[in-house]
Structures are given as C-alpha cells and as structure tokens.
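**Student:** Dropping a structure here in structure tokens format, bear with me for questions.
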Amino acid sequence: MARQFYTGAEVSRLLKIMAWNKMNKFHWHLTEDEAWRFEIEAYPALTQIAAWRGHGMALPPLLGSGPHPTGGYYQPRD
C-alpha cells in the first residue's frame, strides 16, 4: 500500500470490509523503496520528497496517475 496513497477514510472503509469478512490481518506498508507514508518531525525531507510522485519529481508518476502530483502521508495523532 505504500506505493499508492489512500486517505484515512479509504483505509477505514477497507478495515470495515475486512472485519465484515472476518479477516483479522492487515499488513500495512508505511515505508517502502518507492514511498514514505509516515511523518517524522525530525526528518521533514522524507515526507516532502518521498511521499509524492509526479512529473519532474524524485518519484516518477505511475501509469495512469495523471498529470498532477499524487501522494501524501499520515500524521500521528496526539
């Protein structure tokens, strides 16, 4: 899942569907060779560079992702 960014609402919906189907394991990649999805305040460049992909960026766009930059990262709750 790290290569494609999903919003919090999409992840919540997926977890509800998994629970409805009695699936009890969710393997979530927050970091990978092609994405960084977790904010660490001490290392802001990780989310500024590795959480986004698009034309002219460090990570090229995926096939069919369109002309605009895509991506994002998850922020920890207090």
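The values are calculated or read from the model by the stated rules, or taken from the named source; none is laboratory data. In this text the structure is predicted, and so the values were computed from the model without any measurement. Using ideal geometry, Cβ is built from the backbone for each residue, glycine included, and neighbour counts are taken over all protein chains shown.
**Student:** May I ask you to list pairs of residues, at least six apart or on different chains, whose Cβ atoms are under 7 Å apart, with the first in segment 10-30 being in contact (Cβ under 8 Å) with a residue 24 or more places away in the chain and the second being exposed (fewer than 11 other Cβ atoms within 10 Å of the Cβ)?
**Tutor:** Between residues of segment 10-30 that are in contact (Cβ under 8 Å) with a residue 24 or more places away in the chain and residues that are exposed (fewer than 11 other Cβ atoms within 10 Å of the Cβ), there is no close pair.
**Student:** Also, quick follow-up: Please verify whether segment 64-72 includes one or more residues that are exposed (fewer than 12 other Cβ atoms within 10 Å of the Cβ) and not small (Gly, Ala, Ser). Before you say what the answer is, go through the steps one by one.
**Tutor:** Our first condition is that a residue be exposed (fewer than 12 other Cβ atoms within 10 Å of the Cβ); within segment 64-72, this holds for 64, 66-68.
Restricting the remaining residues to those that are not small (Gly, Ala, Ser) gives 67-68.
Taking every residue of segment 64-72 in turn, at least one turns out to be exposed (fewer than 12 other Cβ atoms within 10 Å of the Cβ) and not small (Gly, Ala, Ser).
**Student:** In addition: Which numbered condition trips up Asn21, out of (1) modelled with pLDDT under 90; (2) more than 13 Å from Tyr73 (Cβ to Cβ)?
**Tutor:** (1)
**Student:** Also: Pairs only if they're at least six apart or on different chains, beta carbon under 6 angstrom, first in segment 46-64 and closer than 13 Å to Asp33 by Cα, second among the basic types (Lys, Arg); list them, first residue then second.
**Tutor:** Pairs that qualify, where the first residue is closer than 13 Å to Asp33 by Cα and the partner is among the basic types (Lys, Arg), are Leu59/Arg53.
**Student:** Scan segment 19-37 and give yes if some residue there is exposed (fewer than 10 other Cβ atoms within 10 Å of the Cβ) and part of a helix (DSSP H, G or I), otherwise no.
**Tutor:** Scanning segment 19-37 turns up at least one residue that is exposed (fewer than 10 other Cβ atoms within 10 Å of the Cβ) and part of a helix (DSSP H, G or I).
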